[in-house]
Structures are given as structure tokens and as C-alpha cells.
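Have a look at the structure below before the remarks.
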Amino acid sequence: MSRVCELTGKKAMVGNNVSHAMNRTKRTFDANLIKKRFYLPEEDKWITLKVSTAALKTINKIGIAAALKKARAKGFIK
């Protein structure tokens, strides 16, 4: 499974390691992802999502139902 947030679509970015001598080598900046279980009271079931920590803060603020609705509108969830 790829390292992509299922709610926001965040994924790894590419950049450079820069040494003191200004030598540059390619590296990746991975998204800060965690696997988390959420309870949906409307459907009376648990779901497991791989979400970024930024998405987790959004879920805590607006709720899981609203966050899933936003993700479906943006096309991240079918």
C-alpha cells in the first residue's frame, strides 16, 4: 500500500540533502502518516484509515463524518 493519506491525498515530496560543502543528493520527505481506527455512529461500524497527522487534527475539529464527506467531494474516497 502506498504512503498516501486517504483523506487529504498528501504523499511524499522530493528534495535534496545539502551538505556543508553544498553537495546535493536526492531524498524524499515522507508524509507523517498513522493508521487509525474511527467509529462511525451513523453506520454503527469501525473503519481503519491511513491518515496524516494534519488530517487527524481536522477530524478532531470537524468530526469524522464531515471529514469523510469532504474527502469524497475532493475525490480521495469513492
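The values are calculated or read from the model by the stated rules, or taken from the named source; none is laboratory data. Predicted model only: the values in this text are computed from it and were never measured. Positions of Cβ are backbone-derived with ideal geometry, glycine not excepted, and every protein chain shown enters the neighbour counts. What goes into the accessible areas is simple: the full protein's heavy atoms, side chains included, and nothing from ligands, DNA or RNA. Shrake-Rupley method; radii C 1.70, N 1.55, O 1.52, S 1.80 Å.
Between the amide H of residue 77 and those of 72, distances stay under 5 Å, these residues lying 5 or more places away or on another chain, with hydrogens modeled in the peptide plane. Give me the angle, in degrees from 0 to 90, between the Cα long axis of helix 64-74 and the longest principal axis of the Cα atoms of the chain, rounded to the nearest 10. Tilt relative to the chain: about 60 degrees. Checking the Cα-Cα distances for 26/74; 45/78; 11/78 against a 20 Å cut-off, the pairs over it are 26/74. What is the chain by shape, rounded, prolate or oblate, if you read a ≥ b ≥ c off the alpha carbon gyration tensor as root eigenvalues and call it rounded for a/c under 1.5, prolate for a/b larger than b/c, and oblate otherwise? In terms of gyration-tensor shape, prolate. Electrostatic tally near residue 63: other residues with Cβ closer than 13 Å to its Cβ, Lys and Arg +1, Asp and Glu -1, net +3.
Over the chain, with every protein chain in place, what whole percent of the accessible area is carbon and sulfur at 1.4 Å, could you tell me? For the chain, the apolar C and S fraction of the accessible surface comes to 54 percent. Rounded to the nearest 20 debye, the dipole size of the chain about its Cα centre is 240 debye, using +1 on the Cβ of Lys and Arg and -1 on the Cβ of Asp and Glu. Here the extension length gained between residue 23 and residue 3 equals 4.4 nm, from 0.36 nm per residue of separation less the Cα-Cα distance. Quote the FRET efficiency, to the nearest 0.05, computed for residue 78 versus residue 53 with a Förster distance R0 of 30 Å and r equal to the Cβ-Cβ distance. That pair, residue 78 with residue 53, gives E of 0.80. Mind pulling the angle between the C-alpha long axis of helix 53-62 and the longest principal axis of the chain? Nearest 10 degrees, somewhere in 0 to 90. Result, in degrees: 30.
Any chance you could check the Cα centroid distance between the range 29-73 and the range 1-22 for me, in angstrom? The range 29-73 and the range 1-22 have Cα centres spaced 21 Å from each other. Here the calculated FRET efficiency for residue 12 and residue 36, from their Cβ-Cβ distance with R0 = 22 Å, stands at 0.70, rounded to the nearest 0.05.
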